[in-house]
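Let me begin by presenting the structure, written as structure tokens, before commenting on it.
The values are calculated or read from the model by the stated rules, or taken from the named source; none is laboratory data. This one's a predicted model, so the numbers in the text were calculated from it and none came from an experiment. Neighbour counts are summed over all protein chains in view; Cβ atoms, including those assigned to glycine, are modelled from backbone coordinates with ideal geometry.
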Amino acid sequence: MIAYIIRRVLYAIPILVGVNVITFILFFVVNSPDDMARLYLGDKRVSQEQVDSWKSERGYDKPLLYNETAKGLDRFTDTIFFTKSVGLFVFNFGPSDYGRDIGYEIQQRMWPSLAIAVPVLILGLMINITFALTIAFFRGTYLDFWAVVLCVALMSISSLFFIIGGQYLVGKLLHLVPISGYYYGFEAAKFLILPVIVGVIGGIGSGTRWYRTLFLEEIGKDYVRTARAKGLSETTLLFRHVLQNALIPILTGVVVVLPLLFLGSLITESFFGIPGLGSYTIEAIGNQDFAVVRAMVFLGAFLYVIGLILTDISYTIVDPRVRLN
Amino acid sequence: MIVPLLDIKLGLLLTDALIFLLLIFTVAFAIYVSRTPHLRSQWAHVLHNRAGMISMVVLSFYLVMGLLDSIHFYPKVESGEGKVVYSVQLDSVLDKILAPIRIAVEKTYSAPFATNLYAKETVTVDGVETRIYPRLKHGGSHLDDPENEKSADILSHTLQGAFKGTLVWLLLAVLLVIILAYRNKVSLSQIISSLMRGKSVTPWRSALFTLALVVLLIGVCAELSVYYHVFGTDKVGEDVLYQSLKSIRTGLVIGTLTTLVMLPFAILLGIMAGYFRGWIDDLIQYLYTTLNSIPSVLLIAASILMLQVYMTNNADQFNNLTQRADLRLLFLCLILGVTSWTGLCRLLRGETFKLREADYIQAATAFGVGHFTIILRHILPNVMHIVLITVVLDFSGLVLAEAVLSYIEIGVDPTTNSWGNMINSARLEMAREPIVWWSLAAAFLFMFVLVLFANLFSDAVRDAFDPRLQGSQ
């Protein structure tokens, strides 16, 4: 088991290197730091001195890959690639283009993101499984048909609609909770309720439909027929056997997204003014803060790879038929 | 290219060219399907599915709108002194059709069917300054006393529109009956009675019913929009219905061209990985895992940021606003394609992996058939159902994604008509009192209908083509 995990971790390294190279090419090769400086300073008639000082303040004045003027190892380390990209591997994100430490910001903003993402995940999972199991119980009836139609209709509504509609209905018309904002500590709850509800409702359509398919697939299997033939009641069958077995794909599907919960939801956070990593990313995109976008790309890729490894491990734990090799 | 009779000069945007390429592909594929018996029977499944048929009718409305909006031309302007001058602004056929509501621009917001402006203005009447809601220039301007006449006027125009719509529908229905009778070689009365009872294998009755709804709605909307702003006007006084209709093209372009862009990569790499295995497989798997591991929103954001940097620094290359916006739209499709091909690639790899072991491919290899021929003749046709299902399934997600991306301002160009841009500019007006809701409502409604029927259609396609589902039917 440990050997397997080590192998998987080692396999993740080239992927992260690849991500790093892609971001490096996107941010420094496609457009030179000079171009970025000009966009940043915002004027077509920016003097070269201004551009140079902007670059040297942020450390973009070094050569890209190979520094001829330096000596020894410095030829490779005193370059943009080394100072800006390699540091990411040890989570040294450096300062943003506005001069604030990205690592510190991430540590601070991670918690509000989690405060929304975790309840949405858990509540959503519970509600979706309940609905899906109910629909599966009434499979083949009109209830089943209309429930699926409802799911498809829910899936077809833009997530923006739920957010805007929720803000208008609950926040503005009923004055139940604040429309947006955040406060640390227990006060946070009243700011979190609405985004969590919106997040859960937005996921019901696709989630319920997907779980229903999983349950129906499981119900069609031979062991279920055998159990039914032996005289088990339909409820025992569904809760004892079908639910347990269908949980395997559901849970492993959840494990993949677990690490990504840290990144939060871009849209929800920025609409509700939650100071999480999602709104951080949006602000960075809006302010054209390349350092932050770069850091978030790497962080996202890192968390995704962790998610993949966790999924493989969780498969072996919940499903004894899966062997490691 | 100048068309002599119509006095217009045709203009072709990059996305137009790709749309027509896609159209040619689709038509060619349809002809191929109609001549291949087993494909024909599978597509017949889609047609026989009631939900599939209904969604096809609705989707074809969107398709026609999108295609009309993709034929662009430069209209002729004042030809003084015998010289013919063409406008620099690119118009589409749809613009021409919608000209009455396009030029009916008010000063600022006005509610649906309003006769007065949303905002008060100071007007001098008989030397006394008063604050009133001024009458609209176009919406309901034919009425003398809006308060009393409006509802009756709306009702009468609705009825007129419905009547015209019914006529068009009757025409189409009669045409369909004649075609059906001719093709099945039965009498007209037999066809009509089987249609009325809903006994035909292809659910023509449902199709006609949906068509009636669509045509009636179009008729009523068209009739009313001549006299009123059916969905109101936006901040600069543009008709919201016009904007929503113009946005259809953007949605369709994002939903279809993205797939067109990604398909060659996904098919080629996916099949290669599954077929050749070994280091090629490792390499391709590495490639798609790496690309997939970057959160797609961030990859799109990074790429669009870089495009902005490039466009700012090479501003001289992008003089024409329309072309600039078009290029950005195409680039967005490209980036969305890069982020979304990995799923299909993985599916194709797995399927090819299985197919490779099939007897007929072993036999082909034993007979010395080349790799290229085997892939083209034996593997590709057998994985096409996966490609098709993915393409149709991805469509609705892409249309929804456009709105979200426009909200983060990494979507289409702000000057492009799109539902995302409509929502984005309207959401700031939610705080007003009374609330300006019509832009949002129109954008969400048009998007919802498109995505809903695309979802229903994709379900019908999946039911017809997924071999795993066939056993359960």
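So the values come out like this:
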item: From B:427, B:462, B:432, residue being at the interface with chain A (Cβ under 10 Å from one of its Cβ atoms) and either farther than 24 Å from residue B:260 by Cβ or out of contact with any Ser or Thr (no Cβ under 9 Å at 6 or more places or on another chain) (or both); result: B:427
item: Among the residues listed as A:165, A:202, A:207, the single one being surrounded by 20 or more Cβ atoms within 10 Å (Cβ to Cβ), without any contact (Cβ under 8 Å) to a residue 60 or more places away in the chain and at negative phi; result: A:202
item: Residue in segment A:249-267 that is closer than 21 Å to residue A:104 by Cα, more than 12 Å from chain B (Cβ to nearest Cβ) and modelled with pLDDT under 85 present; result: yes
item: Condition met for residue B:394 (closer than 29 Å to residue B:324 by Cα, touching a residue at least 40 places away in the same chain (Cβ under 8 Å), in a helix (DSSP H, G or I) and within 14 Å of chain A (Cβ to nearest Cβ)); result: yes
item: Matching residues, segment A:24-36, being more than 7 Å from chain B (Cβ to nearest Cβ) and not hydrophobic (A, V, I, L, M, F, W, C); result: A:32, A:33, A:34
item: Test: residue in segment B:151-159 that is polar (S, T, N, Q), at pLDDT below 80 and either surrounded by fewer than 18 Cβ atoms within 10 Å (Cβ to Cβ) or over 28 Å from residue B:429 (Cβ atoms) (or both); result: no
item: Single residue of segment A:5-33 satisfying the filter (surrounded by fewer than 18 Cβ atoms within 10 Å (Cβ to Cβ) and over 30 Å from residue A:310 (Cβ atoms)) that is farthest from the chain's Cα centre (by Cα); result: A:32
item: Meets criteria (modelled with pLDDT of 85 or more, more than 11 Å from chain B (Cβ to nearest Cβ) and at positive phi) for residue A:231; result: yes
item: Residue in segment B:350-369 that is closer than 21 Å to residue B:62 by Cβ and either touching a strand residue (DSSP E or B) at 6+ places or on another chain (Cβ under 8 Å) or not basic (Lys, Arg) (or both) present; result: no
item: Restricting segment B:308-331 to residues that are within 24 Å of residue A:300 (Cβ to Cβ) and among the aromatic types (Phe, Trp, Tyr), the residue that is farthest from the other protein chains (Cβ to nearest Cβ); result: B:331
item: Residue B:297 being touching a residue at least 40 places away in the same chain (Cβ under 8 Å) and surrounded by 21 or more Cβ atoms within 10 Å (Cβ to Cβ); result: yes
item: Per-region count, segment B:397-419, residues out of contact with any Gly (no Cβ under 6 Å at 6 or more places or on another chain) and within 14 Å of another protein chain (Cβ to nearest Cβ); result: 11
item: Residues located in segment A:140-155, provided they are touching a residue at least 40 places away in the same chain (Cβ under 8 Å) and within 11 Å of chain B (Cβ to nearest Cβ); result: A:148, A:151, A:152, A:153, A:154, A:155
item: Matching residues, segment A:278-325, being over 12 Å from residue A:96 (Cβ atoms), more than 11 Å from chain B (Cβ to nearest Cβ) and within 16 Å of the chain's Cα centre (by Cα); result: A:309, A:310, A:311
item: Candidate set from segment A:177-199 (those that are outside any helix (DSSP H, G or I) and not aromatic (Phe, Trp, Tyr)); member that is surrounded by the most Cβ atoms within 10 Å (Cβ to Cβ); result: A:177
item: Residue A:232, sole failed condition from (1) surrounded by fewer than 22 Cβ atoms within 10 Å (Cβ to Cβ); (2) under 30 Å from residue A:111 (Cβ atoms); result: (2)
item: Only one of B:380, B:305, B:287, B:334 that is over 25 Å from the mean Cα position of the chain (by Cα), within 14 Å of another protein chain (Cβ to nearest Cβ), surrounded by fewer than 19 Cβ atoms within 10 Å (Cβ to Cβ) and touching a residue at least 12 places away in the same chain (Cβ under 8 Å); result: B:287
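Each row is one residue, and each column tells you yes or no for (1) closer than 30 Å to residue B:207 by Cβ; (2) of a type outside the set (Lys, Arg); (3) more than 35 Å from the chain's Cα centre (by Cα).
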site	(1), (2), (3)
B:63	yes, yes, no
B:69	yes, yes, no
B:72	no, yes, no
B:104	no, yes, no
B:107	no, no, no
B:117	no, yes, no
B:126	no, yes, yes
B:129	no, yes, yes
B:140	no, yes, no
